[in-house]
Amino acid sequence: MSIIVEAPGILQVFSDGSVKRFAPEIAPASCEPSSSKGYKSKDVIIDPSKPITARIFLPDLAPTWSGQLPVIVYFHGGGFCIGSTTWIGYHVFLGDLSVASQSIVLSVDYRLAPENRLPVAYEDCYSSIEWLSKQIRSEPWLERVDLSRVFLSGDSAGGNIAHQVAVMIAQRKRTCPVEPKGLLLIHPYFGSEKRTKREMAEGAEGAVAMNDMFWGLSLPEGSDRDYYGCNFETAVLDSTEWPRFPAVVVHVAELDFLKERGVMYAEFLKKNGVKSVELVEAEGESHVYHALNPESEATRLLQKQMSGFIHNF
């Protein structure tokens, strides 16, 4: 058995189709409230047959508090091939975000490529929206969810997924029980067959090769980078739907190789008539810095910015 794809320290794909992933430290969920953290967490099963799981983050509330909370449905990054809501960086970031924004966070663990190529991740994450709408009456941790204030968020590939789930909701509006108020995309992962200026620049070869590797592992067999899940400009959505698309904030990082694609995405939405599109740049920061350094000042600022966006609704 030989290695046919290898990203050192990230993953190995073998000739028999098996995959070895290298993961950072894992954080267990804790149903016990912690005065030092300000939140508790719980793992739930969305679909045991696939499987699709999620982790709920619930901020500590005063005993006399009786209102409802917005809910952030979050999709982790990792090029569709790695990542988990259980990774300690995501756990800390999302727990703290639930406190900062006074929101319930539902962080979804979807099935990964290359064993499950796109659009599996999109369908898995869409199913988490349907699950949420059905569980608010039976899952005690969701009883305070305000379904009129649902927000989709994610970083890197997860930002891509948040966009695609919003498109799917628009396409299935007659059957989908949830209409998200907004999208919060962090360093979204998009691409196309046509290279951008930054991708063609001297010294970009390594980053381009890494991105191409992840796309090669996650796209459907026979598809290229103009597949709708990669190239947002090929998304199938009626022109009358874009003006009704949720409000969008796109977070980019100054030193991120994907910044150019994030800017292009925001411009695409504006051109197509999405009514509220905001672009926010983190100066001096790199790709997914919030998951790598979840307690940094830059991450605290990001959480504050996200909270401000959510509470505009």
> For the stretch 84-97, which residues satisfy the criterion of being under 14 Å from Tyr39 (Cβ atoms) and either surrounded by fewer than 21 Cβ atoms within 10 Å (Cβ to Cβ) or in contact (Cβ under 8 Å) with a residue 60 or more places away in the chain (or both)?
Replying inline: Tyr90, His91, Val92, Phe93, Asp96, Leu97
> For the stretch 234-313, list the helices (runs of 4 or more DSSP H) that sit wholly inside it and hold at least 2 residues that are small (Gly, Ala, Ser) and surrounded by fewer than 18 Cβ atoms within 10 Å (Cβ to Cβ); which are they?
Replying inline: 297-310
>> Against the definition (buried (at least 17 other Cβ atoms within 10 Å of the Cβ), in a strand (DSSP E or B) and of a type in the set (A, V, I, L, M)), how does Ile56 come out, yes or no?
In response: yes
>> Within the stretch 117-230, considering only helices (runs of 4 or more DSSP H) that don't extend past its boundaries, which have at least 2 residues that are open to solvent by less than 10 Å² (accessible area, probe 1.4 Å) and either touching a Ser or Thr at 6+ places or on another chain (Cβ under 7 Å) or among the hydroxyl-bearing types (Ser, Thr, Tyr) (or both)?
In response: 120-135
>> Take the residues in the stretch 70-106 that are in a helix (DSSP H, G or I) and hydrophobic (A, V, I, L, M, F, W, C); name whichever of them is farthest from Gly182 (Cα to Cα).
In response: Ile88
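Condition check ((1) in contact with a strand residue (DSSP E or B) (Cβ under 6 Å, 6 or more places away or on another chain); (2) basic (Lys, Arg); (3) more than 21 Å from Lys194 (Cα to Cα)) across all residues:
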site: Arg261; (1), (2), (3): no, yes, no
site: Phe268; (1), (2), (3): no, no, no
site: Val277; (1), (2), (3): yes, no, yes
site: Val280; (1), (2), (3): yes, no, yes
site: Glu295; (1), (2), (3): no, no, yes
site: Thr299; (1), (2), (3): no, no, yes
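The values are calculated or read from the model by the stated rules, or taken from the named source; none is laboratory data. Please read these numbers as outputs of a predicted model, since none were measured by experiment. For neighbour counting, all protein chains shown are included, and Cβ atoms are generated from backbone atoms with ideal geometry for every residue, glycine included. Note: accessible area is taken over every heavy atom of the protein model, side chains too, but ligands, DNA and RNA are not part of it. Shrake-Rupley method; radii C 1.70, N 1.55, O 1.52, S 1.80 Å.
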